[in-house]
2 protein chains.
Amino acid sequence: MPSENGRTPATQNLRTPGPTPLPPEVREALARDMVNHRGPEFAAVLRECVDGLKWAFQTRNDILLLTASGTGGLESVVVNMLSPGQKVLVVSIGYFGDRFADIARAYGASVVDIAFPWGQAADPDVVADQLAADPAIDTVFVTHNETSTGVMNPLEQIARAVRRVRPDALLAVDGISSVGSVPVLPDAWGCDVVVSGSQKGWMVPPGLVFVSVSLRGWERQAQAKMPRVYFDWLAHKKHLEKNTTPWTPAVGIVFALQAALERMWAEGLEQIFRRHERIARYTRERLSQLGLRLFADPVHASWTVTAFQASDDVDAKALLRGLREKHNVVLAGGQGRYEGKMLRIGHLGSVEETDIDEVLEALEAELASLGAASAGVRS
Amino acid sequence: MPSENGRTPATQNLRTPGPTPLPPEVREALARDMVNHRGPEFAAVLRECVDGLKWAFQTRNDILLLTASGTGGLESVVVNMLSPGQKVLVVSIGYFGDRFADIARAYGASVVDIAFPWGQAADPDVVADQLAADPAIDTVFVTHNETSTGVMNPLEQIARAVRRVRPDALLAVDGISSVGSVPVLPDAWGCDVVVSGSQKGWMVPPGLVFVSVSLRGWERQAQAKMPRVYFDWLAHKKHLEKNTTPWTPAVGIVFALQAALERMWAEGLEQIFRRHERIARYTRERLSQLGLRLFADPVHASWTVTAFQASDDVDAKALLRGLREKHNVVLAGGQGRYEGKMLRIGHLGSVEETDIDEVLEALEAELASLGAASAGVRS
C-alpha cells in the first residue's frame with residue numbers, strides 16, 4: 001500500500017533536492033493519456049496551472065511555463081533580460097550562482113560577480129556597495145536558495161539593498177528550489193524575474209520551469225538583444241493569453257502540475273511554508289545529534305535542503321552507496337569543489353518528519369558500519 | 001477496459017500528429033515515482049534508451065537526448081552547427097521548414113531558402129542547382145516529413161543530390177515526425193544531424209528531443225560560434241558517455257521512452273514501418289472515398305500524417321469541433337496560411353486500421369450533419 005507520501009515500502013526514500021517524491025494523485029495524473037495540446041481540455045488545464053502558480057508565487061506578475069529544466073530557465077533569463085556587453089552583477093553563493101554567471105558570459109554579457117564563500121549567505125551591504133561603486137550595472141542576479149550548499153539568502157534584504165542603491169535596476173532571482181516551499185514575495189520585494197523548477201517543492205517530475213516577469217521585466221525584454229526563439233518569453237506570454245503555448249509543451253508534466261497545485265491549495269501556502277521550516281530545523285537537529293557537521297551558516301540555513309559533512313575518515317560516496325543499497329535511502333552528494341566531500345538531504349515538496357527519521361536511522365547505521373570514529377560524537 | 005492501444009472507450013481517439021496516444025505500458029512507466037537522476041538506476045535506463053534510439057535511428061552516430069520540444073531541437077541544430085553570417089540552405093516545404101529558417105535568422109545565420117509550394121515535396125535537382133550556384137553554402141537543412149502539409153520529402157534522393165554537388169556540406173534533417181515511423185538511414189544517406197521528438201511515433205509525451213550527430217557534425221560543432229549552454233551538444237555527449245546528462249533531464253519521460261522502445265523492439269522496426277505505410281495508404285483511400293481532397297502530392301504522401309480539405313462550404317473549425325464534441329475524435333487543424341482551411345490526421349505511433357475507421361465514420365457523420373454538399377461526392 002502506498003504511504004501518505006505515495007512511496008511504497010519497496011521503493012526508495014528519495015531525499016535528493018530534486019527530483020522529489022511524487023504524491024499518488026500526481027502519479028495518477030501522469031498516467032493520463034495524451035490530449036491535443038491545441039484543444040480546449042488542455043487550455044483549461046493550462047489556465048488552472050497558471051492561476052495556481054500565481055497563487056504559489058504570490059504575485060500579480062505574468063507567469064510563464066517553459067518546457068526545460070532549471071538550467072534552461074536560467075538561460076531564458078540571460079537571453080530575455082540582457083544584451084551583449086550589458087553589465088550584470090551576479091551574486092553567487094555556490095554552484096548554481098556560478099552557473100548563471102557562466103551562462104551570461106557564454107552569451108557575451110559583461111559579468112561582475114561577487115562570490116561569497118560556500119556555506120555563507122550573501123551580505124546585502126556588500127551587494128549594495130558593489131552596485132554603488134559601479135553605476136554601469138543595471139541588472140542584478142541572485143540565487144535565493146543555493147541547492148549546492150543548503151544556504152538560503154536573505155532575499156528580502158538583498159532586494160531592498162538593490163532598490164535602495166539602484167531603484168530601476170532589474171532584479172532576477174533563481175528561486176528554483178525555494179518558490180512554493182519558502183515565502184517569496186516578488187511584488188512586495190521588487191523581484192522582477194523569479195524562476196522555479198517543477199522537480200523541486202512542486203512535487204512534479206523535472207521538465208518544466210516557471211518564470212514570473214514584472215512590468216520592468218517586460219520593458220527590459222523589449223530591449224534585450226540576445227538571440228532567442230525557443231526561450232523567447234514574449235512568444236510564451238502572447239500564447240498564454242490564449243491559454244496555449246508557442247511550442248508543444250510537456251503535456252503530461254502540466255497534468256501533474258495541476259494535481260500538485262490542487263494538493264498544495266488543500267494544504268495551504270502558509271502551512272506548506274511552516275512545514276518546510278519545521279522539517280528543516282528537525283533535520284539539522286537530528287544531524288547535529290549524530291555528530292555530523294552542518295555545512296551552512298546556521299543563521300541562513302535552507303528550509304529545503306541541508307548539506308552536511310561526515311568526519312574526514314568517512315568517504316561520502318561510500319556512505320551514499322551504503323544508504324542507497326542497504327537502506328533504500330537516497331541522498332545527494334556534493335557538487336563542484338565539494339564532489340565526494342559532502343552529502344545533501346532534500347526536504348522539500350512531499351516530506352514529513354517520518355521521512356527524515358528514516359534517513360537518520362539509516363545514516364546512524366551506515367556510519368557505524370563504516371566505522372566512523374565520529375559516529376555519535378560531535379567532531 | 002483499455003483497448004489494445006491503451007484508450008478506454010470513455011477517452012478520445014486522439015489522431016493529431018503529436019502528441020500521440022500512449023500505450024498502457026508507457027502510461028505505467030509514467031506513473032513510476034521519481035529516482036535520483038544522478039544515481040545508478042537512472043543511468044541504466046538512460047543507457048538503454050540511447051541504445052534503443054540508435055537502433056530505431058538505424059545509426060552508429062552519437063544520439064543525444066535533450067529536455068525540450070521539437071522547436072528546441074531545431075534551435076539546438078542552429079546553435080551547434082552554425083556561426084553568425086554562415087550560409088545555410090534551408091529547403092522548406094511548409095510551416096516547420098519555415099520555422100527552421102526563422103530560428104537560423106534570429107541567430108544571425110545567412111539563410112538562403114528554397115520554398116516549394118505547400119503540398120509539394122522538394123525537388124532534389126533544384127536543391128542541387130541551388131548548391132551549385134552558390135559555393136558559399138556549406139550547410140543544408142531539410143525537413144524529412146512536413147507535419148503541416150503531410151508531405152514526405154524524398155530524403156535519400158535529396159541527400160544524394162547534396163553529396164553529389166557538395167561532398168563536404170553538413171546535412172541536417174528535421175526527422176521529428178518521421179524517425180521511428182518511417183525508414184531513415186542517416187549513415188547510408190549521409191545525414192549528419194537528424195532530430196526527432198518524443199511525442200510523435202515514439203508514443204511518449206512531449207518533452208524530449210533526440211538528435212543524432214555524425215563525425216562531420218562534431219567537427220562542425222567545434223567550430224560553430226553561436227552562443228549556447230542549455231542546448232550545447234558537446235556537454236550532452238560528454239555526460240552521456242558517463243550515462244548521465246549535464247542538466248536535470250525529464251526523468252519521467254525517459255522512463256516512458258524506455259517502455260516505448262521495448263514495445264517497438266517487440267514489434268520490430270520493419271513491421272513498424274510497414275504498418276505506418278499501410279495505414280497511411282488506407283487513410284488516404286478512405287478519405288478519397290468520402291470525397292475529401294487530399295492536400296499532399298500523392299507521390300510524396302506522408303506515412304505519418306494526412307492533410308485534407310473539405311469542400312469550400314464546410315468550415316474546418318466547425319468540423320473539428322463536431323468531431324471532438326460528438327464523436328470523441330480529435331484531429332488537428334491547418335497551420336500558418338492554412339489555419340481554418342485544413343484538417344490533419346496523425347497516424348503515427350500507436351495506430352491501427354480500426355482507429356482510422358472510427359475517424360472516418362465520425363467524419364462521414366459530421367459532414368452529413370454540417371450539410372456538406374460534397375459529402376460522399378468527389379468535388
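Some values worked out for this structure:
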{"quantity": "Net charge contributed by nearby residues that have their C-beta within less than 12 Å of B:ASP123 (K/R +1, D/E -1)", "calculated": "-3"}
{"quantity": "Approximate spin-label separation B:SER369-A:LEU269, in nm, with each point projected 7 Å along Cα-to-Cβ", "calculated": "4.3 nm"}
{"quantity": "Note, ³J(HN,Hα) from phi for the stretch A:12-23, Karplus 6.51, -1.76, 1.60, rounded to Hz, x at Gly and Pro", "calculated": "7, 8, 7, 10, 8, x, x, x, 10, x, 9, x"}
{"quantity": "Inverse mean reciprocal Cα-Cα distance (Kirkwood Rh) of the stretch B:324-364, Å", "calculated": "11.2 Å"}
{"quantity": "Cα lying deepest toward the dipole's positive end in the protein assembly as shown, options B:TRP233, B:ALA169, B:VAL213, charges on Cβ", "calculated": "B:ALA169"}
{"quantity": "Positive dipole terminus of the protein assembly as shown, leading residue within A:THR283, B:LEU323, A:THR244 (C-beta point charges)", "calculated": "A:THR244"}
{"quantity": "Contact order relative to length of chain B, as percent, for alpha carbon pairs under 8 angstrom and 6 or more apart", "calculated": "23 percent"}
{"quantity": "Loop trypsin sites (Lys or Arg not before Pro), the stretch B:32-77, which have at most 10 other Cβ atoms in a 10 Å radius of their Cβ (DSSP)", "calculated": "none"}
{"quantity": "Loss of accessible area when B meets A, both sides summed, Å² nearest 100, probe 1.4 Å", "calculated": "3800 Å²"}
{"quantity": "Accessible surface of the protein assembly as shown [probe 1.4 Å, protein heavy atoms]: carbon and sulfur percent", "calculated": "50 percent"}
{"quantity": "For B:PRO117, inter-copy label distances in nm, listed shortest first [label point 7 Å out on the Cα-Cβ vector]", "calculated": "7.4"}
{"quantity": "Position B:GLU352, label points 7 Å along Cα→Cβ, spacing to each other copy in nm (shortest first, one decimal)", "calculated": "4.4"}
{"quantity": "Residue of B:SER110, B:SER76, B:SER178 that the Gaussian network model of chain B assigns the largest fluctuation, springs spanning Cα pairs under 10 Å", "calculated": "B:SER110"}
{"quantity": "Long-range HN-HN contacts of B:GLY334 with modeled amide H, under 5 Å", "calculated": "B:GLY340, B:LYS341, B:MET342"}
{"quantity": "Length-normalised contact order of the stretch A:1-153 in % [C-alpha pairs under 8 Å, at least 6 apart]", "calculated": "18 percent"}
{"quantity": "Computed over the protein assembly as shown, the ratio Rg/Rh where both radii use C-alpha atoms and Rh is Kirkwood", "calculated": "0.98"}
{"quantity": "Probe 1.4 Å - accessible area at B:LYS242, Å² to nearest ten", "calculated": "140 Å²"}
{"quantity": "Whether the stretch B:186-267 is rounded, prolate or oblate, judged on the alpha carbon gyration tensor where a/c under 1.5 counts as rounded", "calculated": "oblate"}
{"quantity": "Total formal charge among the other residues, if their Cβ is under 14 angstrom from that of B:GLN335, Lys/Arg +1 and Asp/Glu -1", "calculated": "+2"}
{"quantity": "In Hz, Karplus ³J(HN,Hα) per residue of the stretch B:331-343 (6.51, -1.76, 1.60; θ = phi - 60°; x = Gly, Pro)", "calculated": "10, 9, x, x, 10, x, 5, 9, 4, x, 10, 8, 10"}
{"quantity": "Selection from A:THR16, B:ALA368, A:GLY72, by position along the positive dipole direction of the protein assembly as shown (Cβ)", "calculated": "A:GLY72"}
{"quantity": "Lysine pair number, Cα distance threshold 29 Å (strictly under), chain A, separation 8 or more or different chains", "calculated": "20"}
{"quantity": "Rounded to whole Hz, the Karplus (6.51, -1.76, 1.60) HN-Hα couplings of the stretch A:114-119, x for glycine and proline", "calculated": "9, 10, 8, x, 4, x"}
{"quantity": "Separation between Cα centres of the stretch B:76-123 and the stretch B:194-229, rounded to whole Å", "calculated": "16 Å"}
{"quantity": "The protein assembly as shown, dipole about Cα centre (Lys/Arg Cβ +1, Asp/Glu Cβ -1), debye to the nearest 20", "calculated": "720 debye"}
{"quantity": "Charged-residue dipole, Cβ positions (Lys, Arg, Asp, Glu), chain B about Cα centre, Debye nearest 20", "calculated": "580 debye"}
{"quantity": "Kirkwood Rh in Å, taken over all unlike Cα pairs in chain A", "calculated": "21.2 Å"}
{"quantity": "Loop GluC sites (Glu not before Pro), the stretch B:187-280 (other Cβ atoms within 10 Å of the site Cβ: 15 or fewer; DSSP)", "calculated": "B:GLU241"}
{"quantity": "Normalised contact order of the stretch B:43-114, rounded percent, pairs of Cα under 8 Å and 6 or more residues apart", "calculated": "27 percent"}
{"quantity": "10 Å Cβ neighbours from other chains, averaged over peptide B:16-26", "calculated": "3"}
{"quantity": "Long-range amide H partners of A:GLN86 with built H, under 5 Å", "calculated": "A:SER110"}
{"quantity": "Fluctuation leader among B:GLY150, B:GLY268, B:GLY333 - chain B, Gaussian network, Cα springs under 10 angstrom", "calculated": "B:GLY268"}
{"quantity": "Per-copy distances of the B:LYS326 label point, shortest first, in nm (7 angstrom along Cα→Cβ)", "calculated": "6.9"}
{"quantity": "Stokes-Einstein D for the stretch B:46-136, Kirkwood Rh over Cα pairs, 4 °C, 1.567 mPa s (µm²/s)", "calculated": "86 µm²/s"}
{"quantity": "In the stretch B:25-99, the chymotrypsin sites (Phe, Trp or Tyr not before Pro) that fall in loop regions by DSSP, at most 13 other Cβ within 10 Å", "calculated": "none"}
{"quantity": "Check: the stretch A:1-139 dipole with +1 on Lys, Arg Cβ and -1 on Asp, Glu Cβ, in debye", "calculated": "420 debye"}
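The values are calculated or read from the model by the stated rules, or taken from the named source; none is laboratory data. This structure is a prediction, so every number in the text was calculated from the model and none was measured. Here the Cβ is made from the backbone with ideal geometry for all residues, glycine too, and neighbour counts use every protein chain on show. Calculation scope for accessible area: heavy atoms of the full protein, side chains included, ligands and nucleic acids excluded. Shrake-Rupley method; radii C 1.70, N 1.55, O 1.52, S 1.80 Å.
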